[in-house]
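The values are calculated or read from the model by the stated rules, or taken from the named source; none is laboratory data. It should be emphasised that the depicted structure is a prediction, and the values quoted were computed from it without experimental measurement. FYI the Cβ positions are ideal-geometry reconstructions off the backbone, even for glycines, and counts take in every protein chain you see. Ligands, DNA and RNA are stripped out before the accessible areas are found, and what is left, the full protein with its side chains, is counted by its heavy atoms. Shrake-Rupley method; radii C 1.70, N 1.55, O 1.52, S 1.80 Å.
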Amino acid sequence: MSRRDIGVGLLGLGTVGSAVAKILLNKSNKLAEQIGAPLVLKKVLERDVNKARLDCFASLAMTDRIEEVTTDPEVDIVIEVIGGEHPALEYIKQAISNGKHVVTANKEVIAKHGYELLSSAKEHNLQLRYEASVGSGIPLISPFQQDLAANDISTIYAILNGTTNYILTQMSQEGWDFSTALKQAQKLGYAEANPANDIEGMDAAYKLAILSTLAFHTRVDPQDIYCEGISRLQASDFRYAKEFGYAIKLLAIAKRDNGTIEVRVHPAFIPEDSQLAKVDGVYNAIQVEGDLAGDLVFSGQGAGASQAASAIVADALIIARDICHGANYVPELQLNQELPIKPMRDIKTRYYFRMNVADRPSVLTQISRVLGDNSISISAVIQKESDLAAQTAVLVIMTHPAEEKAVQKALEEVKQLAVVNEVSNFIRVEG
Ligand code: HSE
């Protein structure tokens with residue numbers, strides 16, 4: 001195969017960008033053999049001039065002007081690893097309108113604008129690939145687009161955020177409180193200085209929007225996803241979960257249900273012998289149920305520079321190989337379903353409640369009456385940690401399946417009872 005080299009423009013030279021640049025520089029011969037032409041880093045957009053001075057990048061052509069990358073006739077593929085919505089979105093649009101194929105790791109841009117960007121790329125006969133946007137180096141986008149294409153996917157249960165999974169693992173195994181675990185995650189470089197997107201579940205919601213759109217062939221926007229973070233959890237919730245035989249994970253859930261879909265991200269009790277319960281630390285895992293393939297689990301490190309670079313360079317290789325062979329298959333988002341999203345109040349699941357109550361006769365009777373009046377059936381109760389001096393106790397209740405709207409109403413009524421000092425937490429129970 002003879003062809004001029006395939007030119008790459010790299011937007012961003014942060015941790016992931018540097019890992020991509022190093023692979024393209026250090027593995028160039030091996031990559032050239034795979035695709036039939038050299039894959040050459042032609043230009044890098046980076047505002048920090050100090051990075052340009054690093055020895056390992058001395059050979060790179062750096063610029064701080066986006067146009068110099070997107071209009072460079074020698075650039076065939078633009079790799080975007082800046083992250084965040086802006087200006088990454090505008091840069092990707094500019095690359096497409098200048099006839100460049102695009103590879104991105106940007107979950108926020110793909111979750112919010114993927115449909116428009118993919119349509120625009122298709123119109124220009126260009127590829128837009130985003131394997132690294134979900135699960136980093138875990139192959140997910142390609143399996144959903146190709147390997148599972150013959151399946152009707154019924155459910156996705158996933159751990160999609162490494163930072164929160166690390167925090168929950170430490171809270172469970174070390175008994176740490178949330179803020180200690182968060183500080184440690186920041187110290188180890190897992191959580192960002194502003195960790196809100198991870199902690200509040202938005203990072204997982206972006207990823208779930210991308211996966212559920214591919215799985216159900218219907219448009220799922222991130223704002224359609226019910227999203228609840230992990231900051232309400234306390235060390236005692238993990239102790240009670242263990243007593244009942246459960247682990248607590250930040251779950252991303254997508255389910256098909258009678259012509260509707262459920263899409264939600266929130267902490268959940270899951271049986272401690274389930275596969276996802278054993279996924280600890282910064283690892284991610286995605287459990288998918290297809291009518292033909294059955295139950296599948298994809299797992300691996302869902303964050304990290306070399307993991308993201310693994311998926312990003314693979315996307316660039318696919319495009320480069322197509323360019324070399326004159327074949328340009330442009331994957332399309334097949335949105336041939338219009339599945340309404342089930343409102344959160346209509347979902348049905350089991351629940352765990354933790355309350356601080358007065359430690360005296362008839363308390364349980366009053367609470368169970370309120371629950372019963374709202375058609376909520378109790379499956380187990382334990383009373384813990386009585387404080388003799390204060391005459392209070394911690395009451396932990398597990399329920400049978402109940403509707404979310406009934407649970408919310410019942411909890412409001414329970415809070416009004418004079419014998420209830422506080423409804424300290426409630427957590428949904430899955431599986
Ligand atoms: N912040 C993400 C996580 C990594 O903690 O999983 C990149 O998606």
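Summary table below
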read-out	value
Of Val49, Val282, Val40, the one that fluctuates the most in a GNM where the chain has Cα springs shorter than 10 Å	Val49
Entries in Lys22/Lys43; Lys278/Lys348; Lys51/Lys100; Lys183/Lys384; Lys342/Lys405 that, when Cα-Cα distance is taken, lie over 18 Å	Lys278/Lys348; Lys51/Lys100; Lys183/Lys384
Residues with amide H under 5 Å from that of Ser424, placed H, sequence gap 5 or more	Arg354, Met355, Asn356
Helical mean residue ellipticity (222 nm; -39500 (n - 2.57) per DSSP H run of 4+; nearest 500) of the chain	-10500 deg cm²/dmol
For the chain, built as a Gaussian network whose Cα springs stay under 10 Å, the top-fluctuating residue of Tyr157, Tyr115, Tyr329	Tyr329
Accessible area of the chain belonging to carbon and sulfur atoms, whole % at 1.4 Å probe	48 percent
Square roots of five times the Cα gyration tensor eigenvalues for the chain, Å	47, 23, 17
Per residue, in Å², the accessible surface of the chain once ligands and nucleic acids are set aside, probe 1.4 Å	43 Å²
Cα→Cβ-extended label distance, 7 Å offset, between Arg232 and Gln145, nm	3.7 nm
Net length gained if the chain between Asn29 and Ser306 were fully extended (0.36 nm per residue, minus Cα distance)	97.8 nm
Rg to Rh, two decimals, where the range 1-157 supplies the alpha carbon set and Rh follows Kirkwood	0.98
Simple spin-label estimate for Thr365 and Asn421 in nanometres, 7 Å along Cα-Cβ	2.3 nm
Whichever aspartates and glutamates have a C-alpha closer than 19 Å to that of Lys122, once near sequence neighbours (fewer than 8 apart) are set aside	Asp76, Glu80, Glu90, Glu131, Asp315, Asp322, Glu332
Inter-label distance for His217 and Val381, nm, one decimal - labels placed 7 Å from Cα along Cα-to-Cβ	5.0 nm
Paramagnetic reach from Asn328 (point 7 Å along Cα→Cβ, amide N under 15 Å) across the range 1-39	6-7
Relative contact order [Cα under 8 Å, 6+ residues apart], the range 141-301, whole percent	35 percent
For the chain, the longest site-free run once trypsin sites (Lys or Arg not before Pro) in DSSP loop states with at most 15 other Cβ atoms within 10 Å are removed	233-431
Computed FRET value (nearest 0.05) for Thr15 with Gln391, which takes r as the C-beta separation and R₀ as 60 Å	0.65
Highest-MSF residue in the chain out of Gln307, Gln408, Gln145 [GNM, Cα springs under 10 Å]	Gln408
Distance from the range 357-401 to the range 16-92 (C-alpha centre basis), Å	60 Å
